[in-house]
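Bear in mind these aren't lab numbers, they're just calculated from the coordinates by the rules spelled out. Small disclaimer: the values here were computed from a predicted structure and weren't measured. Neighbour counts are summed over all protein chains in view; Cβ atoms, including those assigned to glycine, are modelled from backbone coordinates with ideal geometry.
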Amino acid sequence: MALNINSLLIHGGIDGDETTGAVNVPIYQTSTYKQDGLGEDRGWEYSRTGNPTRAALEKLIADLENGKYGLAFASGLAAISTVLSLFESGDKLVVSDNIYGGTFRILDNVFKNFNITYEIVNTSDIEAVKAVLTDEVKAVYIETPANPLLTITDIKAVSDVAHEKGKKVIVDNTFLTPYLQRPLTLGADIVVHSGTKYLGGHSDVVSGFVIVNDKETADRLYYLQNAIGGVLGPFDSFLMIRGIKTLGVRMDRHIENALNVAKHLESHSAVSKVYYPGLVSSPGYVVNRKQTDGPGAMISFELSDEYDVKKFFKGLKLVTLAESLGGVESLVCHPASMTHAAIPKEIRDEVGITEGLIRLSVGIENVNDIIEDIDGAIAFAKR
Ligand SMILES: *Cc1c(COP(=O)(O)O)cnc(C)c1O
């Protein structure tokens, strides 16, 4: 029976334990496995190569993304760097102009040293993407909504122009998760995730994923996962399975709260700009609506000049100043000095990651409490 995503979140992948009937997948906390004789293993050899708890999670994430193959890693960046290891010296990647700072850092300071280069473009602009698809370009790497300005890229449109020229499309689906957006069904070739965020959902695990449909790419990725070794451990795999079960109910509440907070900020006299793809006034609203089942719960905004951003952060009592996002608790950060500090100031200014920009991950607390806290901090921040 084909399950709806809300059921897949709970019963997808490997549902419980065949041997004992336990309704949860056991934590196989083992590094190695007994072999019955030379060349006679029982399907498991060594836990970097494979572990049953991780395998259950890997099957689950593949099911959720409508993909055939899923791989779990020790962090989002372990997943991303494994994907980047598919490329070779001389290859070039086209990259969205606002992406996660750590992704930029590994491209600029690690893979560039191996002569895998990148070019930054505004991937919301399909003509701009088309214009840079030269011979050496092997893939287009996008985030949508992108971090931190929530810019929307049309996944299908980018996939169409990329595939026409034989390039692959990689999508970082961290902000929406497969509950809201399934890039493989829109034409993308590779999906990556920081599972640390909404998938885990409780700010207690660091993890990452890669999902693909193509067997050849999957085989190379399994090879690289084992060769590089940035795998997710059994206990963290268990925590991820547990977190994913409630993704649907959490996301529904995240979105309901975020819509309320975004509308409130939009009408607030102290707020000069609100970036949220769920607002009808947002430039990405139409495309996001077309390709997703919801806008997610990440909002960025700017306070007008009469307000001191530093004081705003000091004035918060409930909403927590911290890196990361996607947990049940509301978190704020200052992209220019925190998540996106690795991006040079000229590039930050060019794309709009200003000193006054505040990024908010709207949690699932009572929305009136969240709004009251933000309003209090804004009042406190008045110069
Ligand atoms: C956090 C994040 C990453 C990196 O993931 P880690 O789990 O921190 O390694 C990558 N992409 C996006 C969009 C993120 O938010």
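Of the trypsin sites (Lys or Arg not before Pro) found in the stretch 1-50, the ones in coil according to DSSP and having at most 10 other Cβ atoms within 10 Å of their Cβ are Lys34, Arg42. Divide the volume of the convex hull around the Cα atoms of the stretch 5-245 by the residue count and you get 124 Å³ per residue.
Within a 10 angstrom radius of the beta carbon, how do Val94, Val287, Val171 rank from fewest other beta carbons to most? Spell out each step's value before the answer.
Working: Val94 25, Val287 18, Val171 30.
In order of increasing Cβ crowding within 10 Å: Val287, Val94, Val171.
Measure nothing fancy, just the Cα-based angle from helix 215-228's long axis to the longest principal axis of the chain, in degrees from 0 to 90, nearest 10. The angle comes out near 90 degrees. Relative to the longest principal axis of the Cα atoms of the chain, the long axis of helix 155-164 makes an angle of roughly 60 degrees.
Based on Cα contacts under 8 Å between residues 6+ apart, the chain shows a relative contact order of 17 percent. Each peptide in 65-76, 219-230 gets a packing score, the mean of other Cβ atoms within 10 Å over its residues, and the list from highest to lowest is 65-76, 219-230.
Within a 10 angstrom radius of the beta carbon, how do Asp36, Asp15 rank from fewest other beta carbons to most? Write out the running numbers ahead of the final one.
On the way: Asp36 8, Asp15 14.
By the 10 Å Cβ count, ascending, the order reads Asp36, Asp15.
Near Ser85, once Lys and Arg are set to +1 and Asp and Glu to -1 for all other residues with Cβ below 13 Å from its Cβ, the sum equals 0.
Considering only Cα-Cα distances, which of the following residue pairs are longer than 19 Å: Lys197/Lys245; Lys156/Lys290; Lys263/Lys345; Lys314/Lys382?
Those over the limit are Lys263/Lys345.
Annotation for the stretch 343-379: trypsin sites (Lys or Arg not before Pro) lying in DSSP loop with at most 16 further Cβ atoms inside 10 Å of their Cβ do not exist. The ranking of Thr185, Thr144, Thr174, Thr134 by Cβ neighbour count inside 10 Å, starting from the fewest, reads Thr134, Thr185, Thr174, Thr144. With respect to the chain, whose longest principal axis is taken over its alpha-carbon atoms, helix 367-380 is tilted by about 50°. Highest mean packing comes first when the peptides 100-107, 193-200 are listed by Cβ atoms within 10 Å, giving 193-200, 100-107. With the highest mean first, a sort of the peptides 146-155, 318-327, 235-244 on other beta-carbon atoms found within 10 angstrom per residue produces 146-155, 235-244, 318-327.
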